[in-house]
Structures are given as C-alpha cells and as structure tokens.
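J.: Input: one structure, supplied below.
Just so it is clear, none of the values below were taken in a lab; they were calculated from the coordinates. Predicted model, so just to flag it, every value in this text is computed and none were measured. Reconstructed Cβ throughout: ideal geometry from the backbone, glycine too, with neighbour counts over all protein chains shown.
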Amino acid sequence: MKLKFLPSALIAAAAFVTLAGYTTPAQAQEKVLNLYSARHYSTDEALYNNFTKATGIKINRVDADDAGILARLKAEGAASPADVILLVDAARLWRGEVDGLFAPVKSKALEDLIPAQYRAKPTPEGTAWFGYSTRARVVVYDKAKVKADDVDTYAKLADPRNKGKVCTRSGSHPYNLSLFGSVVEQTNPQAAEAWLKGLVDNMARAPKGGDTDQIRAVGAGECQIAISNTYYIARLIKSEAPADKALMDKLGIMFPNQTTGGTHVNIAGGAMAKNAKNPDNAVKFLEYLASPEAQNYFANGNNEWPTAKGVNVSNPALTAMLGGKASFKAETISASVVGMNQVKVQQMLDRVGFK
C-alpha cells in the first residue's frame, strides 16, 4: 500500500494523521511493516510484493526523497510509525545515523552477506544501516573529441587539457558530495580543494539539471565530458528510441581510477527506524533485501550492482557499460567515511565557486 507523503511543514501540526491507524498497540502485533522509501523505481513493487507473499507481512509505504524522509523522522520523533527507512545515498545514511534516527540491528546474516565498506561501523548494540546496491559514478565523453586516456582518472577532469569540456549537475547534489568526499579521502583536503577548483575552471557551462541532462549535453555538443551515475546510462542503453541509440553510439563510458584506488561507488541502503513499532518485521525485511531474489531486483530493475556476497546477476546494460567485462575495480573506502566528509566538501565548494 502506497501512501501520500505530506509536506514536511505540515508534519508537526498533523501529528502524522495519515498513518495514525497503523500505530495502535494491537496493530503493532500484526504482520505489518511501515516503510519510508526514497526508492522510486517501478520494479521495486515486485520486490515488496514478493516479501509479502513470502512472509505474510503487509507493507505500508510512504515515498519521498532522502532529505524529506530524514526531516519527517525528526519531526515525528517517538510518534513515528516508521519501521524501515530506505535511502539512496551514503551521506544521507550517515546523516540519519549521526542524528540518532536509526535503531542498531544485530543480524549475523547481514553481517556475513554485506561487506564492511557497505554498512555502518558496528557498535556493541548492532549496526545502524546496511547498503544493498551500488551505483558507480563514471565519466561519459564524446569519443570523436576526447581521448579515453584523458578521462581515465577523476584527477584528469581538472587538468587544463579538458578546459571548457566538462558539464555536471550541482556540486551540492548528494551524488556529487559523495564523489567529492571520496576524493578527499583518497587524497587530502588541500589536494581535493585544488581539484574542485580545476573542475570549476574546466566547465563548459554552469552546473544544471540531472545526470541524464549531462549525458544528453555531451551528445548535443554543449560539452564533451560529463559525470553520471551508471544507472542513468544503463537506461539509455536499454532505450529503444532511435535518438537514444544514436546518442549512446556517440559516447564513450569510462570507469575512472582502475589502476589506482578504483571507481567511486555510492550506495542505496536501509535501516530500522529508531522508534520502530514492528522491529522483528523490520529485521526480516532488511535481511530479505540481502537475499539473491531481492538483489537481482536491484540489479535488473534499476541497473544497480548488488552488494551481497555470492550473488550472481545478468544485466546486459551493465555488461555493455563495462565493454563486455564482468566487473570493474570499485573503491573500498567506507561509505561512512565518505558521508562524514560531506560538511568539509560543502565548504570547499563554496570557496571554489562550485554551484
């Protein structure tokens, strides 16, 4: 069941009327799960429906973006009916943990299946959140105008050889904040800020739009190099539209830093809400998301790479991006560390004029 998400300004006054009926003591014992989700992918419906079929646990879902969900949890406090939170950015998962919005989970199954870099640092009480899928942040370029070895590292995007060629979305968007937070960790704050300044100097235009807009801008000749999450590229690869096919024929896809620290990957993950009324059901759902069945939905439904160990998937679009290879070298930096760097990154962006 999908429910309308109220504007955050109305939350306190409304006292969460929308889901009030789900929070009675009697219903807390029923087979129900209240889910706040920042995942807005149509294929996830099958993911949720299969969980209900397997367990008998009904899912009541509220959709919003990451920031809206975190704001809502804060406003609702102990009255929140949320049991599980799904977010699509490492920095936002870290923020939810730091703000005390998640309840630690003890699950040997999740600890065994999800690699350490894709989950929160465990405490004696448990682990605050788990990453279930990854999306790489890669470079798209015009093959006729840019050499592949001029964009095979993130560092080269700020090199004078690429002056006037780069376009990107806002520097403050969570996807870029996470990439930049990774750069800080792989280098140092001074080097990262110099790199950001070089990136600004190399821009073909001011940042605007989303990742798909950047890809199309390269195709249109507005710029020659762009940064994008891989699932946006995969959607265009899968498209049957002649214009999209022509676009992708024109473009090259580079997974940077393959000979050094690896390509930056962001995560989509989940956590149990601090005030979960159905904690047992919440843990069952979080464990289900690491199952081969659920991991294949992430891979084939939204073109993401699964995080769980031992899961094999087949997605032609992901394979095509890799030039037929089965995998790529991903960075091993902890998603928690990337999240922690977001504040200093934002300050750097302000100083270098990256809007």
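J.: Let me spell out the model: positive unit charges on the Cβ of Lys and Arg, negative unit charges on the Cβ of Asp and Glu, origin at the Cα centre of the chain. What dipole size does that give, in debye rounded to 20? It would help to have the intermediate numbers written out before the result.
T.: Values: 42 positive and 34 negative charges, 78 e Å.
Magnitude of the dipole: close to 380 debye.
J.: Moving to a separate point now. Quick one: if you stick a label point 7 Å off each Cα along the C-beta vector at Lys309 and Ala241, how many nm between them?
T.: 4.2
J.: Here is a further query. Quick one: what does P(r) look like for the chain with 20 Å bins over all Cα pairs, in whole %?
T.: Cα pair-distance distribution for the chain, in percent: 30, 56, 14, 0.
J.: Hey, another quick one. How much of the pair distance distribution for the stretch 215-355 lies past 23 Å, counting alpha-carbon pairs only, in percent? Don't jump to the answer; show the numbers that get you there.
T.: Values: 5089 of 9870 pairs.
Value for the stretch 215-355 (Cα pairs over 23 Å): 52 percent.
J.: Can you count the Lys pairs in the stretch 32-177 with C-alpha separation below 28 Å, eight or more apart or on different chains?
T.: 19
J.: Among 87-98, 120-131, 321-332, 144-155, how do they line up by average Cβ neighbours within 10 Å per residue, starting with the highest?
T.: Details: 87-98: 24.5, 120-131: 18.6, 321-332: 13.7, 144-155: 16.4.
Going by the mean number of other Cβ atoms within 10 Å, highest first, we get 87-98, 120-131, 144-155, 321-332.
J.: If you take every DSSP beta bridge whose two residues both sit in the chain, what share of them, in percent to the nearest 5, is antiparallel?
T.: Beta bridges within the chain, antiparallel portion: roughly 65 percent.
J.: For the chain, find the longest principal axis of its Cα atoms and tell me its angle to the long axis of helix 189-201, 0 to 90°, nearest 10.
T.: That helix lies at roughly 60 degrees to the long axis.
J.: Under the classification rounded if a/c is under 1.5, otherwise prolate if a/b is larger than b/c and oblate if not, where does the stretch 35-180 fall, given a ≥ b ≥ c as square roots of the Cα gyration tensor eigenvalues?
T.: Numbers: a/c = 2.09, a/b = 2.00, b/c = 1.05.
Prolate.
J.: Subtract the Cα-Cα distance of Ala79 and Ser42 from 0.36 nm times their separation in residues, and report this length gain in nm to one decimal. Can you show the working numbers first?
T.: Values: separation 37, 0.36 × 37 = 13.32 nm, distance 2.94 nm.
Working it through step by step, the gained length comes to 10.4 nm.
J.: The stretch 206-275: percent of C-alpha pairs farther apart than 15 Å?
T.: For the stretch 206-275, the fraction of Cα-Cα distances above 15 Å is 62 percent.
J.: Return the whole-Å distance between the Cα centroid of the stretch 263-339 and the Cα centroid of the stretch 169-239.
T.: Between the Cα centre of the stretch 263-339 and that of the stretch 169-239, the gap is 22 Å.
J.: Moving to a separate point now. What number results when the radius of gyration of the stretch 135-281, computed over Cα atoms, is divided by 2.2 N^0.38 Å?
T.: Working: Rg = 16.8 Å, N = 147, 2.2 N^0.38 = 14.7 Å.
In units of the globular-protein estimate, the stretch 135-281 measures up at 1.15.
J.: While we're here: Sort all Cα-Cα distances of the stretch 177-224 into consecutive 5 angstrom bins from zero, then give the percent of pairs in each bin up to the one containing the longest distance.
T.: 5, 18, 22, 20, 17, 14, 4, 0
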